[in-house]
Amino acid sequence: MSTSFLINEIYPCLQGEGINLGKPSLLVRFQICNLRCVWCDTPYTHTFKSDPLNKTEPNGKQKYIRHTLESLIQNIQSQNINHLILSGGEPTLHNLGLLMRSLGKSFSAEVESNGTRIPHLQVPNFLEDDYNLMQWNISPKFSNAGEKIEPEALKHWANLSKTNHSIFFKFVVRKSEITKDISEILSLIKEYNISNDRVFLMAEGITVDSQLANIWLHDECLKYGFRYTPRLHILLFGNKRGV
Ligand SMILES: Nc1nc2[nH]cc(C(=O)O)c2c(=O)[nH]1
Ligand code: SF4
Ligand SMILES: [Mg+2]
């Protein structure tokens with residue numbers, strides 16, 4: 001059976017978060033997630049309340065597309081953008097190694113992952129060398145998301161980050177609970193020996209207001225030596241699909 005990829009949407013955009021903020025990119029959003037964060041901003045990748053069930057169609061036809069490796073590559077190559085954001089859902093539920101090996105060296109990529117999985121142990125055909133084919137933006141979800149971290153998986157990413165300089169950690173925090181969030185993040189990075197320099201803090205929220213007036217976040221980042229990331233697409237467009 002050939003490998004297939006469940007794709008929710010593909011669109012050009014400027015990377016809105018993290019170390020490549022502002023970089024022209026093609027966002028490839030994979031369907032399915034193994035978590036259920038309370039503040040998830042992309043529930044349409046894995047719940048049946050919104051997308052992918054199209055309520056206007058009698059049989060609730062699903063909106064995501066099952067691509068073969070070949071058709072996904074064709075779609076990506078036709079868009080003339082050579083930097084990919086592989087997001088979701090949880091993209092590591094799909095074979096990203098095979099995808100990037102097949103696309104070849106003219107494409108670069110960064111993965112937006114929740115860090116609960118260990119691809120070379122859990123994804124058939126994901127090779128240890130494949131980690132070097134993309135940057136990894138690992139965003140562990142903890143109590144503020146109503147989720148728990150996967151200790152073995154976080155240990156894996158933390159260990160890999162010692163030798164692989166393209167691994168970053170992005171923690172979503174809330175102004176209303178910043179003391180609790182920071183204290184959990186500090187104990188996580190201590191326990192897993194993650195360097196502060198690899199850590200981004202990002203304010204939770206899908207409204208323009210939630211991304212403004214974040215001096216509190218600036219101050220926390222400066223205090224602990226973390227990096228600050230805004231959410232550019234939310235600042236520019238608010239809560240909108242495809243941006
Ligand atoms: N512009 C833009 N940049 C992004 N970076 C990560 C995104 C995501 O949804 O994971 C995202 C997104 O949805 N839009
Ligand atoms: S890991 Fe990401 S996509 Fe999955 S439920 Fe949490 S926020 Fe949503
Ligand atoms: Mg997102």
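The values are calculated or read from the model by the stated rules, or taken from the named source; none is laboratory data. Values in this document were obtained by computation on a predicted structure and should not be read as measured data. Positions of Cβ are backbone-derived with ideal geometry, glycine not excepted, and every protein chain shown enters the neighbour counts.
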TODO: Specify which of the listed residues (Val172, Val208) is closer than 17 Å to Gly16 by Cβ, buried (at least 19 other Cβ atoms within 10 Å of the Cβ), within 16 Å of ligand 1 (Cβ to nearest atom) and touching a residue at least 24 places away in the same chain (Cβ under 8 Å).
DONE: Val172
TODO: Look at region 206-240 and say how many of its residues are in contact with a Phe, Trp or Tyr (Cβ under 8 Å, 6 or more places away or on another chain) and within 16 Å of ligand 2 (Cβ to nearest atom).
DONE: 1
Open item on the list: Go through region 130-149 and report how many residues are in contact with a Ser or Thr (Cβ under 9 Å, 6 or more places away or on another chain), within 16 Å of Glu112 (Cα to Cα) and not basic (Lys, Arg).
Closed with: 11
Task: Lone unmet requirement of (1) modelled with pLDDT under 95; (2) surrounded by 14 or more Cβ atoms within 10 Å (Cβ to Cβ) for Ala213 - done: (2)
Task: So Lys190, is it surrounded by fewer than 15 Cβ atoms within 10 Å (Cβ to Cβ) and either touching a residue at least 60 places away in the same chain (Cβ under 8 Å) or within 22 Å of Thr42 (Cα to Cα) (or both) - done: no
Task: Scope region 76-108; condition under 28 Å from Lys148 (Cα atoms) and more than 16 Å from ligand 3 (Cβ to nearest atom); matching residues - done: His94, Asn95, Leu96, Gly97
- [ ] Please name all residue pairs, on different chains or six or more residues apart, with Cβ atoms under 8 Å, provided the first residue is in region 149-164 and is closer than 14 Å to Leu188 by Cβ and the second residue is part of a helix (DSSP H, G or I).
- [x] Ile149/Leu188; Leu154/Leu188; Ser161/Arg198
TODO: Quick one: Ile81 ticks every box in (1) touching a residue at least 40 places away in the same chain (Cβ under 8 Å); (2) away from ligand 1 (no atom under 15 Å from the Cβ) except a single one, so which number is it?
DONE: (2)
- [ ] Name the single residue, out of those in region 14-50 being of a type in the set (Gly, Ala, Ser) and at negative phi, that is surrounded by the fewest Cβ atoms within 10 Å (Cβ to Cβ).
- [x] Ser50
TODO: Could you look through region 41-88, keep only residues that are within 16 Å of ligand 2 (Cβ to nearest atom) and farther than 30 Å from Leu21 by Cβ, and pick out the one that is modelled with the lowest pLDDT?
DONE: Lys49
- [ ] Could you tell me whether region 65-87 includes any residue that is assigned to a helix (DSSP H, G or I), out of contact with any Leu (no Cβ under 8 Å at 6 or more places or on another chain) and among the small types (Gly, Ala, Ser)?
- [x] yes
TODO: Hey, can you tell me all the residues within region 1-30 that are more than 9 Å from ligand 1 (Cβ to nearest atom), in contact with a Gly (Cβ under 7 Å, 6 or more places away or on another chain) and at pLDDT 95 or above?
DONE: Phe30
Open item on the list: Can you pull out every residue in region 205-239 that is within 12 Å of ligand 3 (Cβ to nearest atom) and among the basic types (Lys, Arg)?
Closed with: Arg231
TODO: Please give the helices (runs of 4 or more DSSP H) falling wholly within region 150-234 in which 2 or more residues are more than 25 Å from Leu93 (Cα to Cα), out of contact with any Cys (no Cβ under 9 Å at 6 or more places or on another chain) and among the polar types (S, T, N, Q).
DONE: 178-191
- [ ] Only residues in region 215-232 that are under 15 Å from Gly22 (Cβ atoms) count as the first member; pair them with residues that are loosely packed, with under 12 Cβ neighbours inside 10 Å, Cβ under 7 angstrom, at least 6 apart or cross-chain, and list the lot.
- [x] Tyr228/His218; Leu232/Gly22
Open item on the list: Criterion first (at pLDDT below 95 and either among the acidic types (Asp, Glu) or within 16 Å of ligand 2 (Cβ to nearest atom) (or both)) does Thr92 satisfy it?
Closed with: no
